[in-house]
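Asker: Sharing a structure with you now.
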Amino acid sequence: MTQDTLQKFIFENAAVRGELVDISATWREVQARHSYPAPVKRLLGEMVAAAALLSANLKFNGSIIMQIHGDGPVRLLVVECDSDLKLRATAKLNDEAIADDATLTTLLNQHGKGRFIITLDPAEKVPGQQPYQGIVPLDGEDVATVIEHYMLRSEQLDTRLWLAADDNVSRGLLLQKLPLHGGKAEAAPITHEEALETWNRAVVLGTTLKRDELLETTIDVLMKRLFWEETIRVFDPVHPAFHCTCTREKVGNMLKMLGQEEVEAALEEQGRLGINCDFCGKHYDYDAVDCAQLFASDAPAEALLHASDTKQ
Ligand SMILES: [Zn+2]
């Protein structure tokens, strides 16, 4: 079986960078414990490719969490990918029928209340540091357009994306116009006109790429087919893989956030709490003693803190 692969490249005069990504095994792993309707699968698969493409350029050790919150039959699509391209993804659906020809708009933005959210979460935060979060309306008819608008408005980066996913594969192409100043000390100086020309030519080549072609063609073939006339520097490939970051501690924190009353009511009803991770399906089991410990563990520390406060 071939590895999932992300290939970065740069146009010779360093005006444009590109990436092609080919995700099969990881994408099948994401779908393994769910049976999503085809239009949901397509959107989530496109987000998986997009998250990998954006994560490959992260300038810190951490993760990108990309979410679309919907106001229609789909409540949430979420993909999390770290700078090593370890990723996980899931969808939450309402109990509504989904037509085969459903679109991003009919699934997630029926009343214009859909939201696209990108969170940049560094692995090592300084005390008090919050993850960076950008929230924008769902401005676009497909995942690629929504992200392109976000990148231009929030990051001031000209970015073009071509994404496609079916049951077996999630593939994508990213092109990004690089700012001329900074970060290109070793490259020969080029003018704004030359840079713009390279960018426009790259985008025209990308635009020839149709969805079916993207689904049916491996990325090394795509690279040659699209850019054979260009002088391109290709970097060592990197490999996206499925990885879930769930832990018993995180599930415990989620139960704490629900609150003691809610948890005790659920225990009363069911005897014990069984929680399955939405991303990987792993099962976590909490009985009455486990739950009591969750809510007891904070109490002594808090009491101590207050006791020492009053002494001073
Ligand atoms: Zn998990």
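A short reminder: the numbers here are calculations on the coordinates, not readings from a lab. The structure displayed is predicted, hence computed values, not measured ones. In this analysis, Cβ positions are derived from the backbone assuming ideal geometry, glycine residues included, and neighbour counts consider all displayed protein chains.
Asker: When Rg is the radius of gyration of the Cα atoms in region 206-283 and Rh is its Kirkwood radius, what does Rg/Rh come to?
Answerer: 1.35
Asker: Give me the angle, in degrees from 0 to 90, between the Cα long axis of helix 192-207 and the longest principal axis of the Cα atoms of the chain, rounded to the nearest 10.
Answerer: 70
Asker: Under a Cβ-Cβ cut-off of 15 Å, what is the net charge of the residues other than LEU44 that fall near it, where Lys and Arg count +1 and Asp and Glu count -1? Intermediate values should be presented prior to the final figure.
Answerer: Numbers: positive: ARG28, ARG33, LYS41, ARG42, ARG75, ARG88, LYS92, ARG171; negative: GLU29, GLU46, GLU80, ASP142, ASP166, ASP167, ASP278.
That sum, taken over residues with Cβ under 15 Å, equals +1.
Asker: Going from the alpha-carbon gyration tensor of region 93-204, what semi-axes, largest first and in whole Å, does one get by taking the root of 5 times each eigenvalue? Spell out each step's value before the answer.
Answerer: Working: eigenvalues 204, 97, 37 Å².
For region 93-204, the semi-axes come out at 32, 22, 14 Å.
Asker: Using the 10 angstrom Cβ neighbour count as an exposure proxy, how do LYS210, LYS59, LYS41 rank, fewest first?
Answerer: LYS59, LYS210, LYS41
Asker: Might you report the magnitude of the Cβ-based charge dipole of the chain about its Cα centre, with Lys and Arg at +1 and Asp and Glu at -1, to the nearest 20 debye?
Answerer: 520
Asker: Right, here's the next one. Can you sort TRP228, TRP162 so the residue with the fewest Cβ neighbours within 10 Å comes first?
Answerer: TRP228, TRP162
Asker: A further question on this structure: Which values, in whole Å and largest first, are the semi-axes of the equivalent ellipsoid of the chain obtained as the square root of 5 times each eigenvalue of the Cα gyration tensor?
Answerer: That gives 41, 25, 18 Å for the three semi-axes.
Asker: Which whole-number percentage describes the relative contact order of the chain, with Cα contacts under 8 Å and a sequence gap of 6 or more?
Answerer: Taking the mean separation of contacting Cα pairs over the length of the chain, I get 23 percent.
Asker: Tell me, what is the percent relative contact order of region 71-111, built from C-alpha pairs under 8 Å that lie six or more residues apart?
Answerer: 53
Asker: For a protection proxy built on the mean count of beta-carbon atoms within 10 angstrom, sort 255-265, 198-208 highest first, please.
Answerer: Going by the mean number of other Cβ atoms within 10 Å, highest first, we get 198-208, 255-265.
Asker: Take the alpha-carbon centre of region 214-262, take the same for region 74-137, and report the distance between them in whole Å.
Answerer: Cα centroid to Cα centroid, the span is 14 Å.
Asker: Next question, about the same structure. In the structure displayed, which of LYS86/LYS125; LYS86/LYS250; LYS113/LYS250 lie more than 27 Å apart, Cα to Cα?
Answerer: Values: LYS86/LYS125 19 Å; LYS86/LYS250 18 Å; LYS113/LYS250 29 Å.
Among LYS86/LYS125; LYS86/LYS250; LYS113/LYS250, the Cα-Cα distance tops 27 Å for LYS113/LYS250.
Asker: Send over the semi-axes of region 1-107's equivalent ellipsoid, whole angstrom and largest first, taken as the square roots of 5 times the C-alpha gyration tensor eigenvalues.
Answerer: In descending order the semi-axes read 28, 15, 14 Å.
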